[in-house]
Structure formats: C-alpha cells, structure tokens
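Here the structure comes first, spelled out in structure tokens, and everything after it is commentary.
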Amino acid sequence: MKLYNLKDHNEQVSFAQAVKQGLGSQQGLFFPLELPEFELTDIDAMLEMDFVSRSSKILSAYIGDEIAAHQLAERVKNAFAFPAPVSQVSDDVACLELFHGPTLAFKDFGGRFMAQMLSYVSGADEQITILTATSGDTGAAVAHAFYGMENVRVVILYPQGKISPLQEKLFCTLGGNIETIAIDGDFDACQALVKQAFDDEELKKAIGLNSANSINISRLLAQICYYFEAVAQLPQEKRNQLVVSVPSGNFGDLTAGLLAKSLGLPIKRFIAATNANDTVPRFLADGQWQPNATVATLSNAMDVSQPNNWPRVEELFRRKTWRLTDLAYGAVSDETTKATMRELAELGYLSEPHAAIAYRLLRDQLQEGEFGLFLGTAHPAKFKESVEEILGQPLPLPEALAARADLPLLSHAMKADFAALRAFLLK
C-alpha cells in the first residue's frame with residue numbers, strides 16, 4: 001500500500017511507514033494512492049460475512065500484501081473483540097452503537113487496531129513515544145489499547161476542566177506507560193502542541209515520536225469497517241435508501257464513512273453534524289473557511305474549530321469527482337441538544353449529547369422513503385452528570401466506569417507551552 005502526503009504529493013510511504021510516522025512533512029496527512037472499489041456482487045457477499053472476516057477483507061484492500069492475510073485477520077480479531085449493534089429507535093431511524101468496547105466509545109475500534117498494527121510493524125527493540133491530544137474519548141481508547149505494551153510510552157494531552165470527570169478517570173488513572181497532561185487551554189491548543197512536537201525533527205528522532213489520534217491512517221481505516229457492519233444488520237429494503245448522520249469534531253469518523261462509500265457501500269448521503277463549533281457547516285454553506293475560537297459545549301468531544309481530517313474529505317471528493325454540495329450538514333445548539341435527548345428518552349432510547357446532535361439533524365433532514373442511521377459514539381454514562389441533569393433520572397455506571405470512578409487522577413498540569421512539553425517528553 002502506498003500513501004502520499006496531502007501537502008507534498010512527492011512524499012510517498014508504505015502503510016508500515018505511515019503507521020509509524022503518523023504525519024508527513026509540513027504536518028501533512030497521509031492518504032491512499034489507490035482508492036479500491038468492490039463490485040456490487042462482492043459487497044453483497046461481504047455483507048453476509050461475520051464482522052472480523054469482512055473487516056479483514058476491507059483492510060486488505062487498502063493494505064495489500066504488506067501484511068499477510070492470516071496475520072491481518074488475527075490482529076483484526078484481537079482489535080475488534082466487541083460488537084457494534086444497530087439499535088432501532090423508530091420506524092425509519094436506528095442508532096449504530098459504537099460504545100460496547102472497553103472504554104465505551106467508538107475510538108476503541110481505531111485505537112486497538114492501531115496498537116495491533118504498530119506492534120506488528122515496529123522492531124522488538126524500537127522505542128516509541130505516542131503523543132496525542134484528546135477532547136475526551138481518544139485518550140481513553142489509546143491509553144487502554146497501548147497500556148502495558150513494552151517499548152511504548154504514551155503521553156496524552158487534554159484540555160483541563162473541559163472533558164467529563166468520568167472520561168478523565170478512564171485514562172488518567174492507569175499509570176505505568178501511560179502519562180497524562182492536563183493543558184491550560186482548549187483542545188485546539190493541545191492539538192497545536194502535538195503538531196509542534198511533530199515539526200521538531202530532533203525531538204521526533206530522540207523519542208521515536210508517533211501520534212495516535214485520527215490523523216494516523218491505521219485508525220482511520222479501522223473506522224471504515226463498522227459502516228459495513230451497520231449496513232450488514234439492516235434488511236435489504238432499508239439498505240438502498242440509507243442516510244447516515246455522523247457527529248463530527250475532528251471529522252475522522254465522517255472521512256471513514258465516505259471511504260466506505262468510495263469502496264462501494266450503498267449509502268445515499270451523509271450528514272456532517274456539529275455543535276456550535278460549526279466551521280465546516282459554514283464552509284459548506286458559503287465556501288469560506290473561517291474558524292472561530294473554539295467554544296465549550298455539552299458535546300465536548302466535538303469542540304473542535306479546526307478539524308484535522310477535513311483535508312482528507314476534500315481530497316476524497318476531488319479524487320472521486322463527487323460534489324461537496326452533496327454533503328448535508330448542520331449545527332445544533334446546546335438547548336436543542338438537551339431537548340433532543342429528552343425526545344429520544346420519550347422514544348425509549350437513552351442517549352448522550354453527541355449522538356443527540358446527529359439524531360436531531362437526521363430527523364430534520366430525512367425524507368419520505370429513506371432510512372436513517374445515526375452514530376452513537378459514546379455510552380451515555382460517560383456523560384453521567386449532564387445526562388442525569390437533562391433527563392432527570394439516575395444513570396447506573398457500567399462496570400468499565402465503576403471500576404475507575406474512585407481512583408485518584410495521576411495527571412500532570414501544564415501551561416500550553418511547547419518548551420515545557422518538550423522538556424517533559426525528553427525527561
């Protein structure tokens with residue numbers, strides 16, 4: 001598999017190199033040189049397969065012969081060791097629940113697959129430092145995926161006071177090879193620090209720097225697989241008029257969905273659903289890329305005003321000669337989010353702010369004869385305080401959260417200062 005750097009098309013790397021390197025020069029994202037496509041008969045046959053077998057076939061289409069099929073299948077099996085069920089919400093709408101993994105969020109799929117791939121492509125004595133920024137769920141997924149791995153040090157930056165207490169507990173209580181830093185700033189400030197680190201060649205070399213957020217191609221490819229899993233669970237008549245609404249922050253999840261469509265998965269259209277951090281909806285409306293300052297919302301994992309994966313979306317549309325005007329979009333306020341969570345509860349479906357935003361726009365934009373699917377990206381209990389307050393009902397903690405709720409936080413606190421971060425990484 002060859003990938004090219006979106007900022008320098010002359011820089012082309014193998015899959016293994018892209019996984020190890022994370023970013024290309026000038027902080028460029030890697031993108032597949034070939035965009036594979038399955039025949040319709042292949043797609044039908046794949047939708048009859050089990051999740052792991054189908055996912056191995058999808059990933060093989062991108063990775064090619066860099067990893068032997070049996071090796072890849074074994075690692076996919078290790079990574080995707082939990083289900084992604086489709087739960088019916090109403091006659092014409094269902095939720096793809098991506099929160100049944102160890103950290104109760106969709107990031108478990110990408111995080112665990114990346115850990116499997118990195119351990120496969122790295123030498124036994126190669127020291128690696130994973131540096132990543134999180135707006136909530138990435139941190140936990142990455143921390144748990146790499147926890148206890150030899151020769152891997154994980155450093156996670158997150159915006160202090162801007163993620164839910166239970167999200168924080170999930171990854172800031174592990175210790176060992178997992179180090180967490182609460183940054184005095186927002187998610188974009190954390191992300192900027194990560195990018196500065198990747199621009200520092202001396203630092204990169206000294207600590208074997210790698211990133212595990214959705215800019216890493218292995219995480220992105222893993223996420224394609226659950227779109228196929230969702231369609232496989234739908235009856236035939238609902239597959240042909242499928243509209244998918246994706247709660248979007250850094251836009252990795254939407255990119256993966258679009259790549260699934262590019263492979264031949266029959267998805268009629270996508271809705272890019274954001275909160276008040278609406279850079280992309282405004283861009284799609286008027287063609288002006290004008291990020292505002294990031295604002296804190298109920299759906300904190302989507303509090304991103306400069307989404308990293310957007311260049312990949314534009315590149316895919318360009319390569320496929322699709323029209324960006326065909327991408328549906330919308331932004332939802334906190335007040336509407338709360339009302340929507342109550343609306344879902346009345347339908348008998350317990351949800352949290354991110355999924356509620358995707359549902360709201362889906363419900364508003366779904367046309368007669370279409371079937372809607374929205375992504376449930378995190379378990380409601382990860383936002384226990386706000387969900388309980390909004391719905392006025394107690395929320396029991398699932399075991400994965402209950403086990404960590406009372407453990408002490410092991411985080412360091414730091415200003416958004418690269419010199420301080422650099423010193424920390426080199427220590």
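Where helices (runs of 4 or more DSSP H) fall entirely within region 1-64, those with at least 1 residues that are open to solvent by less than 40 Å² (accessible area, probe 1.4 Å) and either closer than 15 Å to GLY264 by Cα or basic (Lys, Arg) (or both) are at 40-46, 51-63. Looking only at region 204-225, filter to residues that are part of a helix (DSSP H, G or I) and touching a strand residue (DSSP E or B) at 6+ places or on another chain (Cβ under 7 Å); which one of those is surrounded by the most Cβ atoms within 10 Å (Cβ to Cβ)? The qualifying residue surrounded by the most Cβ atoms within 10 Å (Cβ to Cβ) is ILE217. Could you check region 376-414 and list, in sequence order, the residues that are assigned to a strand (DSSP E or B) and closer than 28 Å to ALA256 by Cα? Correct list: GLY376, ALA378. When LYS382 is tested against (1) over 22 Å from the mean Cα position of the chain (by Cα); (2) modelled with pLDDT under 95; (3) not aromatic (Phe, Trp, Tyr), exactly one condition is not met: (1).
Hey, among the residues in region 81-99 that are open to solvent by 10 Å² or more (accessible area, probe 1.4 Å) and in a loop (DSSP other than H, G, I, E, B), which one's nearest to GLN17 (Cα to Cα)? Within region 81-99, the match that is nearest to GLN17 (Cα to Cα) is ALA81.
Looking at region 161-173, which of the residues that are closer than 18 Å to MET302 by Cα and not in a loop (DSSP other than H, G, I, E, B) is nearest to the chain's Cα centre (by Cα)?
GLN167
For LEU373, the requirement of being part of a helix (DSSP H, G or I) and closer than 16 Å to GLY257 by Cβ is not met.
Consider region 287-335 and keep the residues that are open to solvent by 10 Å² or more (accessible area, probe 1.4 Å) and among the aromatic types (Phe, Trp, Tyr). The one that is farthest from GLY22 (Cα to Cα) is TYR329.
Do you know which of the residues in region 177-203 that are assigned to a helix (DSSP H, G or I) and among the polar types (S, T, N, Q) is farthest from PHE146 (Cα to Cα)? The qualifying residue farthest from PHE146 (Cα to Cα) is GLN196.
Residues in region 174-190: is at least one under 19 Å from the mean Cα position of the chain (by Cα), under 28 Å from ARG75 (Cβ atoms), open to solvent by less than 30 Å² (accessible area, probe 1.4 Å) and not polar (S, T, N, Q)? Within region 174-190, none of the residues are under 19 Å from the mean Cα position of the chain (by Cα), under 28 Å from ARG75 (Cβ atoms), open to solvent by less than 30 Å² (accessible area, probe 1.4 Å) and not polar (S, T, N, Q). Looking across region 88-131, the residues that are modelled with pLDDT of 90 or more, polar (S, T, N, Q) and touching a strand residue (DSSP E or B) at 6+ places or on another chain (Cβ under 8 Å) come down to GLN88, THR129. What number goes with the only condition from (1) under 17 Å from HIS379 (Cα atoms); (2) open to solvent by less than 40 Å² (accessible area, probe 1.4 Å); (3) touching a residue at least 60 places away in the same chain (Cβ under 8 Å) that PRO102 does not pass? Of everything listed in (1) under 17 Å from HIS379 (Cα atoms); (2) open to solvent by less than 40 Å² (accessible area, probe 1.4 Å); (3) touching a residue at least 60 places away in the same chain (Cβ under 8 Å), PRO102 misses just condition (2). Working only within region 322-356, note down all residues that are closer than 18 Å to ALA381 by Cβ and part of a helix (DSSP H, G or I). Answer for region 322-356, where residues must be closer than 18 Å to ALA381 by Cβ and part of a helix (DSSP H, G or I): THR337, LYS338, MET341, ARG342, LEU344, ALA345, PRO353, HIS354, ALA355, ALA356. Criterion first (free of Cβ contacts under 8 Å to residues at least 60 places away in the same chain and not β-branched (Val, Ile, Thr)) does PHE317 satisfy it? Answer is yes for this residue.
The values are calculated or read from the model by the stated rules, or taken from the named source; none is laboratory data. All values derive from a computational prediction rather than experimental measurement. Because the Cβ atoms are built from the backbone with ideal geometry, glycine has one as well, and the counts that use them run over all protein chains shown. These accessible areas exclude ligands, DNA and RNA; they are computed on the full protein's heavy atoms, side chains included. Shrake-Rupley method; radii C 1.70, N 1.55, O 1.52, S 1.80 Å.
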